[in-house]
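Colleague: Starting off with a structure, shown below.
The values are calculated or read from the model by the stated rules, or taken from the named source; none is laboratory data. Bear in mind the structure is a predicted one, so any value in this text is a computation, not a measurement. Here Cβ is always computed from backbone atoms with ideal geometry, including for glycine, and neighbour counts include all displayed protein chains.
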Amino acid sequence: MESLDLMGIKDISPDALIFWHWQWVKINATIVFTWITMFLLTLGAWLATRRLQSGRELSRWQNFLEVVVQTMRSQIRDIAHGDPAPFLPFVGSLFLFIALSNLLTIIPGWVPPTGSLSTTAALALCVLVGVPVYGIQSRGVKNYLGLYVKPSFIMLPMNILGELSRTLALAVRLFGNIMSGTKIAAILLAITPIIFPVVMQALGLLTGMIQAYIFAVLAMVYIASAVRIQKQYEQKAQEEALAKGDDNG
Amino acid sequence: MDNLGLIGMISVATAGITIGIGSIGPALGEGRAVAQALAAMAQQPDEANTITRTLFVGLAMVESTAIYCFVVSMILLFANPFWDYVVQKAGS
């Protein structure tokens with residue numbers, strides 16, 4: 001069993017596992033397994049979309065990818081109450097990357113890159129940057145920054161703190177869940193190596209998928225909250241204008 | 001008792017207390033959330049999709065406090081900075 005597990009029972013993060021280093025450049029397990037995940041995603045997408053068909057007969061992989069993309073689109077549409085197209089590349093890639101890296105834990109010896117705080121912190125930082133980008137795109141710099149002083153100027157530090165703390169929560173939640181899965185498997189392997197690790201591993205697969213879903217949904221909720229309120233205000237303003245027009249007319 | 005033994009003892013005890021107490025609150029909260037969601041779904045089966053999604057997101061939020069406790073206790077057990085410091089000092 002030990003030969004299969006790259007990480008010992010004492011290692012809490014795959015960052016400490018260094019495969020190769022030259023001066024200050026270090027290639028650790030997190031980087032290598034992130035590369036493998038990226039490679040698999042790219043390869044899979046390329047193979048599946050190489051020969052796209054639009055007839056009645058679809059290839060299996062195209063069918064599968066269509067189901068995945070369609071589901072993501074409908075979920076995003078439900079949350080954003082609008083066209084999912086601008087959000088799909090960002091939120092969809094987050095989901096696919098986390099889901100694949102968690103799913104591959106069924107392969108013995110796989111170290112999920114999401115079980116390292118560096119990866120999850122990087123993903124959470126992407127969301128931290130992505131929210132203002134989408135917000136500014138949809139409502140302009142001034143309007144977006146105005147969000148921070150709503151409902152009043154006193155709330156400015158609270159709003160900024162909230163933004164930072166939810167990023168921290170996003171990173172630590174994913175890290176804690178995946179790390180606990182691998183850790184419990186490692187501990188159980190040392191205590192009862194026959195059946196129980198398999199059960200916990202299956203549970204870990206479920207948690208991994210749920211966490212990927214939650215990460216993507218939360219990212220989408222944050223983006224939607226930066227984008228959407230604008231629409232509500234616009235609607236309200238429009239309705240008011242209409243009402244005024246009615247009064248005048 | 002020497003420093004190393006003291007640090008080890010306190011770390012293990014604190015890790016146990018952390019995860020023990022830290023999981024009570026989220027467990028109660030999650031139980032309540034699931035019960036409410038089931039009641040809501042029984043009343044409005046058509047809204048089951050929305051309720052389930054909101055439930056999952058809410059559970060993840062509630063759960064995160066327990067996860068913080070878990071991370072802290074894991075750090076105390078497996079990556080304890082104080083332990084490492086004392087060991088390093090004793091080694092040099």
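Colleague: Hey, any hits in region B:76-91 for a residue that's closer than 21 Å to A:L170 by Cβ and part of a helix (DSSP H, G or I)?
Modeller: no
Colleague: With respect to A:I194, determine if the residue is surrounded by 15 or more Cβ atoms within 10 Å (Cβ to Cβ), out of contact with any Cys (no Cβ under 8 Å at 6 or more places or on another chain), without any contact (Cβ under 8 Å) to a residue 60 or more places away in the chain and more than 14 Å from chain B (Cβ to nearest Cβ).
Modeller: No; evaluated as a whole, the condition is false for this residue.
Colleague: When region A:117-155 is examined, which residues are found to be exposed (fewer than 13 other Cβ atoms within 10 Å of the Cβ) and basic (K, R)?
Modeller: A:K142, A:K150 - these are the residues of region A:117-155 that are exposed (fewer than 13 other Cβ atoms within 10 Å of the Cβ) and basic (K, R).
Residue-by-condition table, conditions (1) of a type in the set (S, T, N, Q); (2) touching a residue at least 24 places away in the same chain (Cβ under 8 Å); (3) under 27 Å from A:M179 (Cα atoms):
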site: A:G55; (1), (2), (3): no, no, no
site: A:V67; (1), (2), (3): no, no, no
site: A:Q70; (1), (2), (3): yes, no, no
site: A:I76; (1), (2), (3): no, yes, no
site: A:V91; (1), (2), (3): no, yes, yes
site: A:F97; (1), (2), (3): no, yes, yes
site: A:T105; (1), (2), (3): yes, yes, yes
site: A:A122; (1), (2), (3): no, no, yes
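Colleague: Another question, if that's okay. For region A:141-191, enumerate the residues that are within 12 Å of chain B (Cβ to nearest Cβ) and of a type in the set (S, T, N, Q).
Modeller: A:S165, A:N177, A:S180, A:T182, listed by residue number.
Colleague: Could you figure out which of (1) of a type in the set (V, I, T); (2) crowded, with 19+ Cβ neighbours inside 10 Å; (3) at pLDDT 90 or above isn't true of A:V111?
Modeller: (3)
Colleague: Name the single residue that is farthest from B:C69 (Cα to Cα) among those in region A:148-185 being of a type in the set (K, R) and touching a residue at least 12 places away in the same chain (Cβ under 8 Å).
Modeller: Among residues in region A:148-185 that are of a type in the set (K, R) and touching a residue at least 12 places away in the same chain (Cβ under 8 Å), the one farthest from B:C69 (Cα to Cα) is A:R166.
Colleague: Out of all the residues in region A:197-208, which are more than 11 Å from chain B (Cβ to nearest Cβ) and touching a residue at least 24 places away in the same chain (Cβ under 8 Å)? I'd like the intermediate steps shown before the answer.
Modeller: Step one: filter region A:197-208 for residues more than 11 Å from chain B (Cβ to nearest Cβ), giving A:197-206, A:208.
Result: A:Q201, A:G204, A:L205, A:G208.
Each row is one residue, and each column tells you yes or no for (1) within 17 Å of the chain's Cα centre (by Cα); (2) among the β-branched types (V, I, T).
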{"site": "A:G135", "(1), (2)": "no, no"}
{"site": "A:N143", "(1), (2)": "no, no"}
{"site": "A:I154", "(1), (2)": "no, yes"}
{"site": "A:A171", "(1), (2)": "yes, no"}
{"site": "A:I187", "(1), (2)": "no, yes"}
{"site": "A:V199", "(1), (2)": "no, yes"}
{"site": "A:I210", "(1), (2)": "yes, yes"}
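Colleague: Return only the number of the condition from (1) charged (D, E, K, R); (2) touching a residue at least 12 places away in the same chain (Cβ under 8 Å); (3) farther than 21 Å from A:T207 by Cα that B:E63 does not satisfy.
Modeller: (3)
Colleague: Go through (1) within 19 Å of the chain's Cα centre (by Cα); (2) surrounded by 16 or more Cβ atoms within 10 Å (Cβ to Cβ); (3) not β-branched (V, I, T) one by one and return the number of the condition B:R53 breaks.
Modeller: Of everything listed in (1) within 19 Å of the chain's Cα centre (by Cα); (2) surrounded by 16 or more Cβ atoms within 10 Å (Cβ to Cβ); (3) not β-branched (V, I, T), B:R53 misses just condition (1).
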